Amino acid sequence: MPERPIVKRRRLTVDDYVSGVLSGQRGALARAITLIESSNPQHEAMAQEVLRQLLPHSGGSMRLGISGVPGVGKSTFIEAFGTGLCDQGHKVAVLAVDPSSSRTGGSILGDKTRMSELGVNENAFIRPSPTAGTLGGVARRTRETMLLCEAAGYDLIIVETVGVGQSETTVANMVDFFLVLMLPGAGDELQGIKKGILEIADMIVVNKADGPNANKARIAVQEYTRALRIVTPRSENWAPPVAYCSALEKAGLDNIWSLIGQFRSKLQESGEFDERRQRQQLDWMWAIIEQELISRMRNDPKVRAELADTEQAVADGRLPVRSAASKLLGIFRTE
């Protein structure tokens, strides 16, 4: 049996990427995201030009961050919520930040399997993106991916976090609205909930409010509402509400979307919505500067020549941490 010839995909130009994204081609959008995620210097230069041309077409979406405790049903919620909005004519992009292996750098990337119904909806786009060890568990290019999705016409961008540590704060600072999912049974949940989560949440939603959990969910709503009263909200124009839903039964989802709409209207009227977006852009700029400086310092030949001995001295307790940092910074500044 003769071997089938290997068909290579045509290499796209900047114009190909831009026109493909603007016309809403999911294949072109996927390839554009792959381009901006590449660490190849040649790809990076092209990616920045693509972003520069698409930037005027971005910014029109609602950016929604979703986090939650393990087992809360994030994927089920996002699929039910997103599918319902797609059926109403919205275009929904889901950027599911996937935890990379710290040992191998690999990731599961199973989000399209977990959201099978939403994954085949013509108005939806799901992009699992590995964190690749980025601080906070947020993919390095998540912000740029949001811009591409907006330019492609998606009016709701959902960023799903891995739900651990600093990732929640990082995502909350790059989206317009941060929603935290909780389980029924508020007594146990309130014991373990971090105050920091309450401070950055724009809404708390108790999921799995169905069957024997329905009454527990209502009690949990009351408990979380009381807990929020002692926390200073992120915005003086918005008091974070607490709602309940059943993603499995698709109940309560319309109310959640209505509350998100009220949030957007209130913050736009006060001007805070645009102010948040401007702060996000500046925070993003400084985050890139910090990442670039750290990368350059780590790869500096003179710093690398001293790094192993300095690290060993710190590990052995022979050199104070601050002294070691000052030493390496001094070498880098001199260079």
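Here are the numbers for the structure shown:
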read-out	value
Backbone HN-Hα couplings from phi across region 243-252 [Karplus 6.51/-1.76/1.60, Hz, Gly and Pro as x]	10, 10, 7, 10, 5, 5, 9, 6, 10, x
Amide proton proximity set for VAL159, modelled H, under 5 Å, gap of 5+	LEU64, GLY65, ILE66, LEU95
Order by protection proxy (mean Cβ within 10 Å, highest first), peptides 84-91, 204-211, 290-297	204-211, 84-91, 290-297
Relative contact order, percent, region 207-265 [alpha-carbon distance under 8 Å, six or more residues apart]	35
Backbone HN-Hα couplings from phi across region 284-295 [Karplus 6.51/-1.76/1.60, Hz, Gly and Pro as x]	4, 4, 5, 5, 5, 4, 4, 4, 5, 5, 4, 4
Extension reserve of the LEU293-ARG226 stretch, reckoned as 0.36 nm per residue once the Cα distance is removed	19.7 nm
Residues with amide H under 5 Å from that of ALA251, placed H, sequence gap 5 or more	SER246
Other-chain or far-sequence residues with amide H under 5 Å of TYR154's (modelled H)	none
Contour excess over end-to-end distance, with Cα ends at GLN25 and ILE219 and 0.36 nm allotted per residue	65.3 nm
Residue-by-residue Karplus 3J(HN,Hα) for region 17-28, coefficients 6.51, -1.76, 1.60, Hz, glycine and proline x	4, 5, 5, x, 5, 5, 8, x, 6, 5, x, 5
Shape category assigned to region 190-274 from the gyration tensor of Cα positions, a/c cut at 1.5	oblate
Cβ-derived FRET efficiency at R0 41 Å, PHE332 paired with GLU199, nearest 0.05	0.70
Normalised contact order of region 204-335, rounded percent, pairs of Cα under 8 Å and 6 or more residues apart	17
Sequence of VAL180, VAL14, VAL120 from largest to smallest accessible area, 1.4 Å probe	VAL120, VAL14, VAL180
Potential lengthening between LEU307 and ASN40 on full extension [0.36 nm per residue; Cα-Cα distance subtracted]	93.6 nm
Prolate/oblate/rounded label for region 267-312 (Cα gyration tensor, a/c 1.5)	prolate
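The values are calculated or read from the model by the stated rules, or taken from the named source; none is laboratory data. On a predicted model such as this, the values are computed, not experimentally measured, just so you know. Please note: Cβ atoms are built from the backbone with ideal geometry, for glycine as well, and neighbour counts cover all protein chains shown. All accessible areas refer to the heavy atoms of the entire protein, side chains included, with ligands and DNA or RNA removed. Shrake-Rupley method; radii C 1.70, N 1.55, O 1.52, S 1.80 Å.
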